[in-house]
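J.: Quick one: the structure is below, questions incoming.
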Amino acid sequence: MRFNNQRLIARHIRHTVFRDRAVWGLWLLMALGAGYAATVGWVAFQQQRTTQVHYQQEARRDWLGNPDKHPHRMAHYGHFAFRSRSPLSLFDGGMDRFLGNALYLEAHKQNTVNFSEAGFSTGLLRFGDLSLAMLLQVLLPLLIFFLGAGSVATDRENGTLKLLLSQGVSWSEVLVGKSTGLFAVGLTLYGPLLALAGGLWLAALGGAPTADETLRFVLLALFYGLYLGLCCVVAVLVSAVSRTTKTALVALIGWWLMLTMVLPRASQALGTYVYALPSKTAFQSAVQADISREGNSHNPDDPHYAALKDSLLRAYHVASTEQLPFNYGGYVMAEGEKISAAVYNKHYHLLLARFGQQNQFARTMAFLNPYLALKNLSMALAGTDFLAYSRFQQQAETYRYALAQQMNALQIQYIPNQKRGPTEKDHAIDRKYWQDVPDFQYRAPSVAEVFRAEWVSVAAFGFWLLLLFFLVRGAAHRLSVL
Amino acid sequence: MLTLLFRSFIRSTGVKIGLGFLLTAGLVSLLVGRQFLDRQHRHHREVVAAQQADLRQLAEFNSKEMGLMLYYAPFALVNETLPLAGLSIGQRDVNPSIQRLTIRGLEGQKYDADLNNPSNLLLGNIDFSFVLIYLFPLLIIAFTYSVVSEERENGTWRVVAVQSRNLMGFIAQLFAVRLAVVLGLLVLLLGGGVAVLGLPLDAPFWLFAATAVLYVLGWFGICFWVASLHRPSSTNAVLLITTWLGLLVVVPAAVNQYLLTRYPLPEALATTVKQRRGYHEKWDMPQAPTVAKFYAHYPQFKHYPLPNTSFNWLWYYAMQQMGDDESARESGELRQKLYQREAASRQFGLWLPSVHAQLRLNDLARSGLGNQVRFLDETTRFHERLRLYFYPKIFEEYPVKAENWDQHFVETFADRSPIRVADFLLPPLLFALLLAGLGWLNFRRHLYHL
């Protein structure tokens, strides 16, 4: 009996919603938006992937095509790491557009990741992104609010609510029934949009997805489904406490604007205010100062390198570095690379910690704003969040360091130690060694790592679900009919 | 009558809440702008101090060779940040306002990114332009969506219609009161901007204000037209919110996506890969042909002979120069594409008031893509000036100590590209007039349909 009432109410909502011709218009607009987002997204994805693969291969060919030469020249020749887009970025571009795409990896120097799409965008950049995720995160909730504003308030206005409740239907049945009805309405958009996303994702993968990738997609579907449910419950609750449909509509639109448009920017402003970042100049100067303190290989009187030299001379029982049985210059360079990389990493991690504080601040805001919880989780699962990006940067730096040290090792081992005269040709080693350096490969973090980084968002999600559960229960006892 | 209307309008709690909210958001945006300007100025001061300290220290360590000194020496160019940028930050948070370059290959340094947190860039700023472009229309919608329709729904419209001798005038007054309140708020915030950001009251400022006013008028035009459709208030509300969504969320994002795919930039990666090859492969080639190409580029340096050593600075900088020369085509194409993107977005701006406002406010604040491209162009010229100044000194082996390094100040680029007033004011003015005219015609038709 109880269950039947809920089903009836739910079915009623579904029917009334779709009787309205204007609703079909809205559905059509959403479908058009989804079609456009999918098409343009796919074209852009293909363009970027083609470019990225093309130049990654060209850079590799250039590297392998080098003739016999001094390994230190190859350390300076370096390599490129071009960031590849994750297949799920077709669904949620996340911060992709703001991330650099090309990183030049060379000896002695940690370069910035350049050429972000945002840096080459016009002022239109500020209007945001049109993606399937955006439709589900931003527009679908608004539609639900449009449709749900009258779910209870209309019944109250025309008196059916009184009839309904006097016939033995309980408040909780009304609230749950209306919410499920609205949810069913929402599913008619959620389902096709997610199917479209799934199709794009599989097409981008070009093969069977791994377990990790499948899990990502399933979790995305789950969180978006939960969020849709959350919006339905909010719409029905607001409608139930409002005297008229109009006040419910105004309140819901107001909330929607606050949560999706104003609060995210406000939390960003607050986060950067509380946790200020150093300027690039200050960052570079600090790195340089620390390197000089540790030992500056360019300074002829540097105590660190003087001590290094003395210890080598003593260990090998020789009078000058020219008598050492290996290439001394290579040895000094390896030491310099070690010091500068360690110092850079120390500062880079300090900077990452700062970014982390800012991001964690924004994540915590999800307890005030469930939209942020979904947004952060969605990006993280799609592999378009800060975690994926910082992994790319760190893996590229590890690659750079290994490359530089491999070249230093070749120099120490194969380059004669004697200084050459000013007109003598540079020493060279065989080009076969260039093949020993593997190409750069980015490895995405696993779902487990994603969750470790995003636990606050998951907690906030859970918090909102619980909160709504109790609100519905509380409301069922306290709501008035009039 | 007007004062009565004004009093009854301003007395409603909804109106007070709306005004209070927008005033708060506006003040926050001014503080955000202040913070942004302070940060820019701090970065400027830091780079001035760092340049002097770095040059002095480098000159000490590399006192023997001018060529080695200039291998390391960084010189900074700053993109001037106008106080107006505090109102419209544009892409100044994405793109670095400071370039630090050595005289080595330019293409490898020109596009170096700033240190910033992409999460912050993604969420965007609450600057004044956001408040104006996104939030002001909402206030206007909230104030006007039920202007005549509610009176009809409550049945008071019949009374008004019967008693008023000039019904159109009455409707105009209803809108005029709301317009006056909204413009009052706008003027207040701009006045606040003058105080908080220290905006000079110059021509760009007045043009900025006029563009903002016309944007507001455009939205009043939309609301006036919707009110004239003779629909119930709730339909008006949904129609207006949908228009807002279309103009601010969906269509500009769709246009941007279109522009990015219409003008893709493989040239960016092409430039950087080519540049590396162009420079590095010269190490494996004889010196003479490379230096010959260098002489062809700079005939004025022909009289510096190529030394007979396996390494020399003339050859080294000639190799560096080749990296730039051989990637010049891709680099030029990249620049061309950026201008195309900018021009295309302006075309769309003619039809979309939101896009028009954002692009034009960025123009005045010198914070858009146009400014960025001009800054990159100036970076190229700046780099060239440095090369032309230092190349002879390197080739002559001018003593490092003899150079006065303290006179190499940080330079500033002031973007003074011309501004055509008509481009700013005409499109929104026509838009507002068109909608107001259409609304007027509609109202006249339905005036006594009670």
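A short reminder: the numbers here are calculations on the coordinates, not readings from a lab. Please read these numbers as outputs of a predicted model, since none were measured by experiment. We place every Cβ from the backbone using ideal geometry, glycine too, and count neighbours over all the protein chains shown.
J.: State the Cα centre-to-centre distance between region B:287-301 and region B:54-124 in whole Å.
T.: Computed from Cα coordinates, the inter-centre distance equals 29 Å.
J.: Enumerate the lysines that B:LYS393 could reach by cross-link, defined here as Cα to Cα under 19 Å, with residues fewer than 8 away along the same chain left out.
T.: Filter leaves B:LYS64, B:LYS302, B:LYS401.
J.: Then there is this: May I ask you to work out the translational diffusion coefficient for region A:2-478 at 37 °C, viscosity 0.692 mPa s, via Stokes-Einstein with Rh from the Kirkwood sum over Cα pairs, reported in whole µm²/s?
T.: The calculation lands on 124 µm²/s.
J.: Within chain A, which whole H helices from DSSP have a Cα span along their axis of at least 27 Å and a mean Kyte-Doolittle hydropathy of 0.5 or more, if any?
T.: Qualifying helices: A:171-205, A:211-241, A:455-478.
J.: If you average the alpha carbon positions of region A:396-412 and of region A:341-369, how far apart do those two centres end up, in angstrom?
T.: When both Cα centres are located, 28 Å separates them.
J.: Compute the acute angle (0 to 90°) between the alpha-carbon long axis of helix B:13-61 and the principal axis of greatest extent of the alpha-carbon atoms of chain B; round to the nearest 10°.
T.: 10
J.: Would you mind checking the tilt of helix B:328-349 against the longest principal axis of the Cα atoms of chain B, expressed as 0 to 90 degrees and rounded to 10?
T.: Long axis of B:328-349 versus the principal axis of chain B: about 10 degrees.
J.: For chain B, take the convex hull of the Cα atoms, compute a quarter of its surface area, and give me that in nm², please.
T.: Mean orientational projected area (chain B, Cα hull): 25.2 nm².
J.: Can you sort A:SER292, B:SER367, B:SER327 so the residue with the fewest Cβ neighbours within 10 Å comes first?
T.: If I rank by nearby Cβ atoms, fewest first, I get A:SER292, B:SER327, B:SER367.
J.: Still on this structure, please answer the following. Can you sort B:PHE9, A:PHE461 so the residue with the fewest Cβ neighbours within 10 Å comes first?
T.: Result, fewest neighbours first: B:PHE9, A:PHE461.
J.: Could I ask something else about it? What is the distance in Å between the Cα centres of region A:264-317 and region A:58-127?
T.: If we compute the Cα centre of each part, the gap is 24 Å.
J.: Another question, then. With springs connecting C-alpha atoms under 10 Å apart, model chain B as a Gaussian network and identify which of B:GLN52, B:GLN91, B:GLN300 has the largest mean-square fluctuation.
T.: Among B:GLN52, B:GLN91, B:GLN300, the largest GNM mean-square fluctuation belongs to B:GLN300.
J.: Anyone know which of B:LEU248, B:LEU23, B:LEU269 comes out most mobile in the 10 Å Cα GNM of chain B?
T.: B:LEU269
J.: Just from its helices, what would the mean residue ellipticity at 222 nm be for chain B, if runs of 4 or more DSSP H residues each count -39500 (n - 2.57) and the sum is divided by every residue, rounded to the nearest 500 deg cm²/dmol?
T.: -22500 deg cm²/dmol
J.: Quick one: which residues, 5 or more positions from B:ILE98 or on another chain, have an amide H under 5 Å from its amide H? H modelled 1.01 Å from N in the peptide plane, none for Pro or chain starts.
T.: Answer set, sorted by chain and number: B:ASN79.
J.: With a bin width of 5 angstrom, please list the P(r) values of region A:128-266 as percents of all Cα-Cα pairs, from the 0 bin to the one holding the largest distance.
T.: P(r) for region A:128-266, in whole percents per bin: 2, 10, 17, 18, 16, 13, 10, 7, 4, 3, 1, 0.
J.: Over the Cα atoms, compute the radius of gyration (one decimal) and Dmax (the largest Cα-Cα distance, rounded to a whole number) for the protein assembly as shown, in Å.
T.: Taking only Cα atoms of the protein assembly as shown, I get Rg and Dmax of 32.2, 114 Å.
J.: Within 10 Å of each Cβ of A:109-118, how many other protein chain Cβ atoms are there on average?
T.: Average per residue, whole number: 5.
J.: What is the mean number of Cβ atoms from other protein chains located within 10 Å of the Cβ atom of each residue in peptide B:273-285, rounded to a whole number?
T.: 5
J.: Something else about it: Sorting B:TRP157, B:TRP206 on the 10 Å Cβ count, fewest up front, what's the list?
T.: B:TRP206, B:TRP157
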